[in-house]
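As structure tokens, the structure follows; a few thoughts come after it.
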Amino acid sequence: MDTVSTLPDDIELLRRLVEIPSLSDGERPAVEALCRKMEARGFRVHVDDTGNAIGSIGSGKTHVVLLGHIDTVPGQIPVRIENGELWGRGAVDAKGPLCTFVAAASAAAARLSATVTVVGAVGEERLGSPGAKSVARWDAPDFCVIGEPSGWDAVCLGYRGTLGFHYQVRQPSRHSAGPGESAGEQAIAFWNALTTELDTMNAANGATTGFTTIAPALREMHAGNNGLQDEAAMSIGLRLPPGIDPRRLQSRLHELAAPGEIDVTGVQEGFRSPKQSPLVPPFLRAIRAAGGTPRFTLKLGTSDMTIVGPVWNCPMVTYGPGDAALDHTPEERIGLDDYGRAIRILRDVLEAL
Amino acid sequence: MNVTCPECGAEWELSGVEQGEIVTCPDCGVDLEVLTTNPATVGLAPEEGEDWGE
């Protein structure tokens, strides 16, 4: 592995952005700061109607979109640099990858054949991803890189999608010693039927890995009786591999839930790029040139790749420095050497496009 | 130029590829990375791992 000296300006860019809180729906100060930083580096900038920070550099016909997100989950972590690592909420998820985009595109500017557009999208961490959904209405670019952490030596090819829903069952109150099932018992029966159904579907689909498995998560549950009405409710999220049709799954959920009811709160298909993507060779070359051994990753979670991927269907991968295991934790921090390596790798990739 | 699959030993002619491209062994179907183009050499493609993060 080569030694890395991350430029002070690039460290300052990341530190400044991490210092500005940017919870979902409260990103504006960070968006404006990012636009100022990009403008100072030669980008043409604006804030779009959804509140996304947009910066473009270069003037070639080939259009490359680097789509990162600027919002973070809650949890203040004092911003500091210790032992070569920058601590702070968002350092990994995903201001590190977003600043990598800005630094790499500006470093490549003099040798770009393409126009590179960096997006600091709002709302990735909340239901609906409004920032990415707004960007997805653009004409499809020639290439797209999503900014999420997998490590400087990894190229992420795909994410699972999601299907979130509330289940609710209600019935008139009854004596607990009488016949029939309580609402709580019916809710548990639905959960058991759901997991059995998913086991059957996974087996039929030949799912042998986490990425190819439909996985349920019971996020909340409640059962109670107010003397007149007996009710139970659950909030459930399903992770969906690419290729699973959420609409067909929804209709099966309604059948399983009866007499309970399903209220779907969010649907997103999974997305995966092939290893033969034309974006893969420049990344593998650049990672090897930096002394790394490239890795491919598939994520069991969800990102904005699942928003723009199915719409644009252009060559697309996800890239960014940092350890995703630190996402959303009190230990969130990023190695500045890894940040610098990722900037150089992405700079080389952009120059090759 | 002929390359040899490191998995099964099959030899075949490989042309019109770029360094870093992922190709498939026509014999055993394993994914291979083009390591060099002049002369052409291939190695096993990077491993595909999973993690739960974003």
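Every number here is computed from the coordinates shown, using simple stated rules; none is lab data. Not measured: the values here are computed from a predicted model. Methodologically, a virtual Cβ is constructed for each residue, glycine included, from the backbone with ideal geometry; neighbour enumeration extends over all protein chains shown.
Below, the figures for the structure above:
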item	result
Inter-label distance for residue A:251 and residue B:47, nm, one decimal - labels placed 7 Å from Cα along Cα-to-Cβ	4.2 nm
Given charges at Cβ of Lys, Arg, Asp, Glu: chain A dipole, positive-most of A:234, A:127, A:6	A:6
Full-stretch length increase - residue A:50, residue A:126 - with 0.36 nm per residue and alpha-carbon distance subtracted	25.9 nm
Charge dipole magnitude, Cβ of K and R +1, D and E -1 - the range A:206-257, Cα centre, debye nearest 20	300 debye
Computed magnitude of the charge dipole of the protein assembly as shown (debye, nearest 20; Cβ of K, R +1, Cβ of D, E -1)	860 debye
Rounded to 5, percent antiparallel among DSSP beta bridges of the protein assembly as shown	70 percent
Segment residue A:265-residue A:176, length gained on full extension (0.36 nm per residue, minus Cα span)	28.8 nm
Inter-chain shielding of B:20-31 (mean C-beta neighbours from other protein chains, 10 Å cut-off)	3
Neighbouring partner chain Cβ atoms per residue of A:290-297, average, 10 Å criterion	3
Theoretical gain in end-to-end length, residue A:5 to residue A:222 [0.36 nm per residue, Cα-Cα removed]	72.8 nm
Residue A:196-residue B:13 pseudo-label distance in nm [points 7 Å out on the Cα-to-Cβ vector]	6.0 nm
Average other protein chain Cβ within 10 Å of Cβ, residues A:323-330	2
